[in-house]
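Working notes for the structure below.
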Amino acid sequence: MSSTATLETLLRDPSLNKPLRDIAEKVAQQQRITPEEGVMLFEDAELAYLGILANYIREQKQGDNTYFNRNFHIEPTNLCVYTCKFCSYSRLIKQRHEGWEYTMEDMLDIVYKYDGEPVTEVHIVGGVLPSTMCLFMWNCSKKLKHTAPNCTSRHSLQWSITTSSKKPN
Ligand code: SF4
């Protein structure tokens, strides 16, 4: 069934409440939803409903194409100032002896292992160390770009936020 037909089926569903129906109709008419409607989706919408809307928009923009990214990960350190409950691998700075910290050369050695491979992204994710990471990642990005010019380098969001929003220790 096409995404258009699926969305039409959703709109005919008598059990769909009015606020969610209004949003679905907006999506069908390719209108933007408001921030308040976005919050409503976050709080009230079921996953299958969201999937129908998202797939409809995706096919409107991309047709039936799906794109994949070939990447590999580097985790420069597992030392972290945070203690997220779901995290199984981080260590606090006072536990430094149990953790690891790559140097720039360590990271470039990992990149060299993929030389000749059809990689399009170096995905860098790891613990948050605001005192060192901002400058380190800046230099790292420059070196990776030079070493693997066909790759983008993507850093974990929490690094970007933390390193730009906190003063170094
Ligand atoms: S910020 Fe990342 S590395 Fe640090 S504790 Fe949370 S999940 Fe683990």
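Just so it is clear, none of the values below were taken in a lab; they were calculated from the coordinates. Predicted model, so just to flag it, every value in this text is computed and none were measured. Positions of Cβ are backbone-derived with ideal geometry, glycine not excepted, and every protein chain shown enters the neighbour counts.
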### Query
Non-local amide H neighbours of Ile74 (under 5 Å, H modeled in plane, Pro and chain starts lacking H): which ones?
His123, Ile124, Val125
### Query
In nm, to one decimal, how far is the modelled label at His146 from the one at Glu121, with both set 7 Å along Cα→Cβ?
2.5 nm
### Message
Projecting each Cα onto the charge dipole of the stretch 1-145 (Lys/Arg +1, Asp/Glu -1 at the beta carbon, about the Cα centre), which of Ser141, Asn71, Tyr112 comes out farthest on the positive side?
### Response
Ser141
### Potential lengthening between Thr66 and Thr4 on full extension [0.36 nm per residue; Cα-Cα distance subtracted]
20.6 nm
## Note on the structure
Nearest 10, in degrees from 0 to 90: the angle of helix 3-12 to the longest Cα principal axis of the chain is 50 degrees
## Note on the structure
The answer for Leu79, listing residues at least 5 apart or on another chain whose modeled amide H is closer than 5 Å to its amide H, is Arg91, Trp100, Gly127
### Message
Order these by the 10 Å Cβ neighbour count, fewest first: Ile33, Ile124.
### Response
Ile33, Ile124
### Task
Averaging sequence separations of C-alpha pairs under 8 Å and six or more residues apart, then dividing by the length of the chain, give the relative contact order as a whole percent.
19 percent
### Task
Per DSSP H run of n ≥ 4, the term is -39500 (n - 2.57); total these for the chain, divide by its residue number, and report the mean residue ellipticity at 222 nm rounded to 500 deg cm²/dmol.
-15500 deg cm²/dmol
### Query
Ranked highest first by average number of other Cβ atoms within 10 Å, how do 93-102, 50-59, 10-19 line up?
50-59, 93-102, 10-19
#### Entry: Shape metrics for the chain, restricted to C-alpha atoms - Rg then Dmax, Å
21.9, 61
### From phi via Karplus (6.51, -1.76, 1.60), per-residue ³J(HN,Hα) for the stretch 119-129 in Hz, x at Gly/Pro
8, 10, 8, 9, 9, 10, 8, x, x, 9, 10
